[in-house]
Amino acid sequence: MTSNKKVLAFIEETKALCDPKEVVWVDGSEEQLEAFRKQAVEEGILIKLNQEKLPGCYLHRTTQNDVARVEGRTYICSKNKDDSSPINNWMESGEAYDMLKKLFKGCMKGRTLYVIPYSMGAVGSKFSKIGIELTDSIYVVLNMAIMTRVGQKVLDVLGDGDFVKGLHSYAELSEEKRYICHFPEDDTIISINSNYGGNVLLGKKCFALRIASYLGKKEGWMAEHMLILGVQYPNGETKYIAAAFPSACGKTNLAMLIPPEVYRKKGYKVWCVGDDIAWIRVGEDGRLYAVNPENGFFGVAPGTNEKSNPNALHTTQKNTIFTNVAYNADTGTVWWEGLDKNPPKNGVDWKGNPWNGDTKDADGKPVKGAHPNSRFTAPAVNCPCLSKEFENPDGVPLSAIVFGGRRAKTAPLVYQSTSWNNGVFVGSSMASETTAAATGAVGVVRRDPMAMRPFVGYNMGDYFAHWIEMGKKIKNPPKIFNVNWFRTDDEGHFIWPGFGDNMRVLDWILARCEDKVDAVETPIGYVPKAEDINIEGLDDITTDTVKGLLEIDKETWKEEAEGIEKFYGELTRVPQELKDELAALKKRLDA
Ligand code: TSX
Ligand code: MN
């Protein structure tokens, strides 16, 4: 498979520590993957779905204590504490290795150790990076084979080169002994006692964001929690946007947006390059270029339907692994809340219990069929609107960077920052108000800079400084915007229709990037003139509604500025440039 001494040593070390019964190399061939699927079905790890309706599709149920990423048990491990963030967990590297060694000792007895060579980014592209994940989970193998490029071809490209080490064992699936540890200084990720997505598919959040953000700082590029989409104009030209949102803001939906009819008729199309992660570099022409290092979508199932995201739904109709959704025993298909109004009559919920749409618990409360964080793992190639630039090793040139969050009152529908540094300030002060689904508490503001709070692999202040530094290297920087689809009226109803109609906002954003439309200067930045947001074909929205959506209340923003100052106070190494931006904002609000 390989003569790379570092790979072989990593495997020998892991064998000695974990004591697996055998080692199996993942070669990436369809025959081997099919054999893995068959084995997983025989072992009860996967349920084969109706192969006529959902060819190549399977269902998996996790244990009930293991259904989401666990930020409380996710650590950045480094020599010095201040090389991580005060808002993330830190462990001293040596201490972390000692603790983990004890937990891993003999944990794979009787199990198979799978070796997964994987590439983040197209295999062999000069910006791609290689990882080796060692795992005892066949579920991880099958998911990694969708989410990343895996197999012998990766080892061939690796040669004697370096790679990111990933070690995973589901061990006992113990919540108390669950750890997801990152060692950016050693290119190493170690994860134990979980078998859930983001904790164990080490190429994704662990490598492509936490380790890669650190590599980006060292090497002069950026790893960001961003979707990438292209807007194709009637003249055939396509402009690209990267956008960062905290969870539960609909990143995947925006990435696969279908323009409203008035736009479609004119010939507008939106193409998806990625829905979660962007690796961004400065190109030779002084513009920023973005690639999606992933090869699939690990999307939230509930709420995905023929209206909210038909492209995502279509993407999941073949070769997809569903995790923790409901099962329809009559049809051998899957169901989740918000799919349609026809829950299975003879179904099984995500916990494996008999279930139909009317099932109630002992207290008479409705029982959900799918876990709210249930997922699909689907190949990117299935996506009907996948960009033809998806595999382009050079990436796509960015016209705009968009930040956003869920804000009931504060943020207008859209505004533009006044400079690169002002845009970095906007990203650094991003926040989202919690929904009931996330925490139970509604409307609590959580600061989530650049949507990277859980994903930055080093000190957050240093991360801000890296953004500022990058600005100095980009001759033709993208313009930076902020959007908010979630403003509510006095009755708490969403004002903006969102979804496909967000095209109308993207249209304004891209027009600004080409100096084709005016704007109004406000204390927080440039806001559209209400009449410049195209509302053609919208029934309930008038220019006055748009005016309301764009209103900026100075008193609310003074409180917002206080909130940002307080947040900066929780961090270390916040660059002076951002403190200056905050001071300037306050001054404009007081004027
Ligand atoms: O994904 C969303 N987007 C982005 C779409 C491209 N969601 C879902 C968020 C949870 C993942 C949205 N929800 C969006 C949005 O733009 N907007 C809203 C709020 C909203 C919800 C329902 C309606 C309108 C707005 N209207 C009706 O249900 C009829
Ligand atoms: Mn994400």
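Just to check your reading of the model, which residue among 291, 282, 262, 270 is of a type in the set (Val, Ile, Thr), touching a Lys or Arg at 6+ places or on another chain (Cβ under 7 Å) and more than 21 Å from residue 77 (Cα to Cα)?
Working: 291 fails: touching a Lys or Arg at 6+ places or on another chain (Cβ under 7 Å); 262 fails: touching a Lys or Arg at 6+ places or on another chain (Cβ under 7 Å); 270 fails: touching a Lys or Arg at 6+ places or on another chain (Cβ under 7 Å).
Only one candidate passes the filter, namely 282.
If you check 200, 231, 262 for being over 23 Å from residue 463 (Cβ atoms), among the β-branched types (Val, Ile, Thr) and crowded, with 24+ Cβ neighbours inside 10 Å, only one passes: 200.
Would you say residue 497 is in the same structural domain as residue 272 (by TED's automatic domain parsing) and within 11 Å of ligand 1 (Cβ to nearest atom)? Yes: the conditions hold for residue 497. Scanning segment 250-291 for residues that are assigned to a loop (DSSP other than H, G, I, E, B), touching a residue at least 12 places away in the same chain (Cβ under 8 Å) and away from ligand 2 (no atom under 12 Å from the Cβ) gives 256, 257, 258, 259, 260, 267, 268, 283, 285, 286, 287. Here residue 288 meets each of (1) hydrophobic (A, V, I, L, M, F, W, C); (2) within 14 Å of ligand 1 (Cβ to nearest atom); (3) within 24 Å of residue 204 (Cα to Cα) with one exception, condition (2).
Please determine whether any residue of segment 512-520 is away from ligand 1 (no atom under 16 Å from the Cβ), part of a strand (DSSP E or B) and either among the charged types (D, E, K, R) or surrounded by fewer than 18 Cβ atoms within 10 Å (Cβ to Cβ) (or both).
Taking segment 512-520 as the starting set, the residues that turn out to be away from ligand 1 (no atom under 16 Å from the Cβ) are 512-520.
This time we only want the ones that are part of a strand (DSSP E or B), so: 520.
With the extra rule that they be either among the charged types (D, E, K, R) or surrounded by fewer than 18 Cβ atoms within 10 Å (Cβ to Cβ) (or both), the set shrinks to 520.
For segment 512-520, residues away from ligand 1 (no atom under 16 Å from the Cβ), part of a strand (DSSP E or B) and either among the charged types (D, E, K, R) or surrounded by fewer than 18 Cβ atoms within 10 Å (Cβ to Cβ) (or both): present.
Per the listing 462, 501, the residue uniquely of a type in the set (Asp, Glu), in contact (Cβ under 8 Å) with a residue 60 or more places away in the chain and either assigned to a loop (DSSP other than H, G, I, E, B) or out of contact with any Leu (no Cβ under 7 Å at 6 or more places or on another chain) (or both) is 462. Taken over segment 226-249, the residue count meeting the criterion of being touching a helix residue (DSSP H, G or I) at 6+ places or on another chain (Cβ under 8 Å) and part of a loop (DSSP other than H, G, I, E, B) is 5.
Considering each of 199, 195 in turn, give the residue that is over 17 Å from the mean Cα position of the chain (by Cα) and not assigned by TED's automatic domain parsing to the domain that holds residue 468.
Values: 199 fails: over 17 Å from the mean Cα position of the chain (by Cα).
After ruling out the rest, the residue left standing is 195.
Do the conditions hold for residue 537, that is, is it touching a residue at least 24 places away in the same chain (Cβ under 8 Å), surrounded by fewer than 18 Cβ atoms within 10 Å (Cβ to Cβ) and outside any helix (DSSP H, G or I)? Don't jump to the end; show me each part of the working.
On the way: touching a residue at least 24 places away in the same chain (Cβ under 8 Å): yes; surrounded by fewer than 18 Cβ atoms within 10 Å (Cβ to Cβ): yes; outside any helix (DSSP H, G or I): yes.
The answer is yes for residue 537.
Pairs under 6 Å by beta carbon, first residue assigned to a strand (DSSP E or B) in segment 466-489, partner surrounded by fewer than 19 Cβ atoms within 10 Å (Cβ to Cβ), six or more apart or different chains? Cβ pairs passing all conditions: 479/513; 488/408; 488/494.
Any residue that is surrounded by fewer than 22 Cβ atoms within 10 Å (Cβ to Cβ), in contact (Cβ under 8 Å) with a residue 40 or more places away in the chain and within 22 Å of the chain's Cα centre (by Cα) - is there at least one of those in segment 204-215? Looking through segment 204-215, at least one residue is surrounded by fewer than 22 Cβ atoms within 10 Å (Cβ to Cβ), in contact (Cβ under 8 Å) with a residue 40 or more places away in the chain and within 22 Å of the chain's Cα centre (by Cα). Restricting to segment 521-534, count the residues that are part of a loop (DSSP other than H, G, I, E, B) and more than 25 Å from residue 259 (Cα to Cα). Number of matching residues: 2.
How many residues are within 26 Å of residue 329 (Cβ to Cβ) and either touching an Asp or Glu at 6+ places or on another chain (Cβ under 6 Å) or not β-branched (Val, Ile, Thr) (or both) if we restrict to segment 18-49? So that I can check it myself, show each step before the final result.
Going through segment 18-49, the residues within 26 Å of residue 329 (Cβ to Cβ) turn out to be 34, 36-49.
When the remaining residues are screened for being either touching an Asp or Glu at 6+ places or on another chain (Cβ under 6 Å) or not β-branched (Val, Ile, Thr) (or both), the result is 34, 36-40, 42-44, 46, 48-49.
Number of matching residues: 12.
For (1) part of a loop (DSSP other than H, G, I, E, B); (2) away from ligand 1 (no atom under 16 Å from the Cβ); (3) out of contact with any His (no Cβ under 9 Å at 6 or more places or on another chain); (4) outside the structural domain of residue 564 (by TED's automatic domain parsing), each residue gets a yes or a no:
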site	(1), (2), (3), (4)
343	yes, yes, yes, yes
351	yes, yes, no, yes
399	no, yes, yes, no
422	no, yes, yes, no
425	no, yes, yes, no
443	yes, no, yes, no
455	yes, yes, no, no
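Residue count for segment 233-265 under the criterion of being among the charged types (D, E, K, R), away from ligand 1 (no atom under 11 Å from the Cβ) and touching a Phe, Trp or Tyr at 6+ places or on another chain (Cβ under 9 Å): the result is 1. Could you check segment 309-330 and list, in sequence order, the residues that are surrounded by fewer than 18 Cβ atoms within 10 Å (Cβ to Cβ) and either in the same structural domain as residue 204 (by TED's automatic domain parsing) or not aliphatic (A, V, I, L, M) (or both)? Result: 310, 314, 317, 318, 330. So which of 464, 494 is over 27 Å from residue 285 (Cβ atoms) and either modelled with pLDDT of 95 or more or within 16 Å of ligand 2 (Cβ to nearest atom) (or both)? None of the other options fit; the residue is 494.
The values are calculated or read from the model by the stated rules, or taken from the named source; none is laboratory data. A quick note: this is a predicted structure, and the numbers were derived from the prediction, not measured. Here Cβ is always computed from backbone atoms with ideal geometry, including for glycine, and neighbour counts include all displayed protein chains.
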